[in-house]
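Working notes, beginning with the structure itself.
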Amino acid sequence: MAQNLLSDSRVWVVVSLIALLLALAAIAIAARYFRLWIQSVTTGAGIGIFDLLRMTFRKVNPTVIVRSKIMAIQAGLTEEEGVTARALEAHYLAGGNVPLVIRSMIAARKAKIIELDFKRATAIDLAGRNILEAVQTSVYPRVIDCPAKGSSRPSLDAISKDGIQLKVKARVTVRANLDQLIGGATEETIVARVGEGIVSAIGSSTTHAQVLENPDLISKAVLSKRLDSQTAFEIVSIDIADIDVGDNIGARLQADQAEADTRVARAQAEGRRAMAVSQEQENLAGIQEMRAKLVEAEAEVPRAMAEAFGSGKLGLLDYYKLRNVQADTEMRESIASANPK
């Protein structure tokens, strides 16, 4: 009988300890999640105390989920639109920013001009884009300077067909395109495309005066090219903020070309002069060679005369006649040189 009483007392002690531990656990859980549970119940978020406990075991921050769900419920976002506690937990576990997604959906709902569901918002958020900033840009278009502030060049420089340089500053008003926000090009691409379009539009103008008279021709030409395709933005307008006249690039290029042509002509003339000098030297050398041959031939004359005397082909009288002819020729040459016409 005593042993039965001892065993019963032990059982009651164990049961009491278990009950005490359960009570302490319940008190701890209530102390930790009671406030969140009360907020959920009073706002109709539909998140129970066991849901909060399950979030803790899944390493999900219950505070973030509860407050995000409350914010969605208060703004009129229902579970039929995909905003459920499990969907919020899944997005949290995927590394998304749950409060930012809910705020962006609320902003889109309040604006009444953007259709943004939960799946698209979470996809954009997981893609690394700031979904709230995109929604705000869709509601309130943003102005982008072209060229961008802080760039190495203060203006876009282009040259019209008459050779005059124009320096242009433009402002591009863009609105976020949520359909192409994932995978679409950023605003740097918009700035580059607009700059290219402005340079092309000015380059196709006949005169710079035509551009100065109608700057909107640039905007119309650039907008007609649909530069916002495959980008995360939609171009609303392109406004020419400033346009100045630069240098006469055409005249400078012509002067540089004339200078280059002059240098080429000088080089060609120098080449021809060198060829003429070379030819002159060759002619002088030829004259000297002919003179040497003449002296050599004249040296043969006395020898030939001696041979003619020895063979009897030339007589003494013939020799004197030859000398008289030579003397007469020399006299005529001296008279002609003394009395030139």
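Within straight-line reach of Lys167, meaning a Cα separation under 19 Å, sit the following aspartates and glutamates at least 8 residues removed in sequence or on another chain: Asp145, Asp157, Glu196, Glu213, Asp216, Asp239, Asp242, Asp244, Asp247. Normalised by 2.2 N^0.38 Å, where N counts its residues, the alpha-carbon radius of gyration of the range 103-253 equals 1.24. Between Asp247 and Gln165, the built amide H atoms are under 5 Å apart, and every one of these is 5 or more places off in sequence or on another chain.
How big is the shadow of the Cα convex hull of the range 101-185, averaged over all directions, in nm²? Working shown, then result.
Numbers: hull surface 30.1 nm².
Projected over every direction and averaged, the Cα hull of the range 101-185 covers 7.5 nm².
Cα-based radius of gyration for the range 39-153, normalised by 2.2 N^0.38 Å, reads 1.26. Based on Cα contacts under 8 Å between residues 6+ apart, the chain shows a relative contact order of 11 percent. On full extension, the segment bounded by Met331 and Gln180 gains 43.1 nm, given 0.36 nm per residue less the C-alpha separation. Shape annotation for the range 161-210: C-alpha extents along the principal axes are 44, 16, 14 Å, from largest to smallest. GNM on the chain, alpha-carbon springs under 10 angstrom: the most fluctuating residue among Ser160, Ser151, Ser311 is Ser311. With the simple spin-label model, which puts each label point 7 Å out from Cα in the Cβ direction, the Arg153 to Ala127 separation comes to 3.1 nm.
Rg over Rh of the chain, using C-alpha atoms and the Kirkwood radius, what does it come to? It would help to have the intermediate numbers written out before the result.
Values: Rg = 53.1 Å, Rh = 31.3 Å.
Computed over Cα atoms, the ratio is 1.70.
Among His91, His208, the sequence by solvent-accessible area, most first, with a 1.4 Å probe is His208, His91.
The values are calculated or read from the model by the stated rules, or taken from the named source; none is laboratory data. Computed from a predicted structure; not experimentally measured. Cβ: placed from backbone, ideal geometry, glycine included. Neighbour counts: every protein chain shown. Surface accessibility is based on the protein's heavy atoms, side chains included, excluding ligands, DNA and RNA. Shrake-Rupley method; radii C 1.70, N 1.55, O 1.52, S 1.80 Å.
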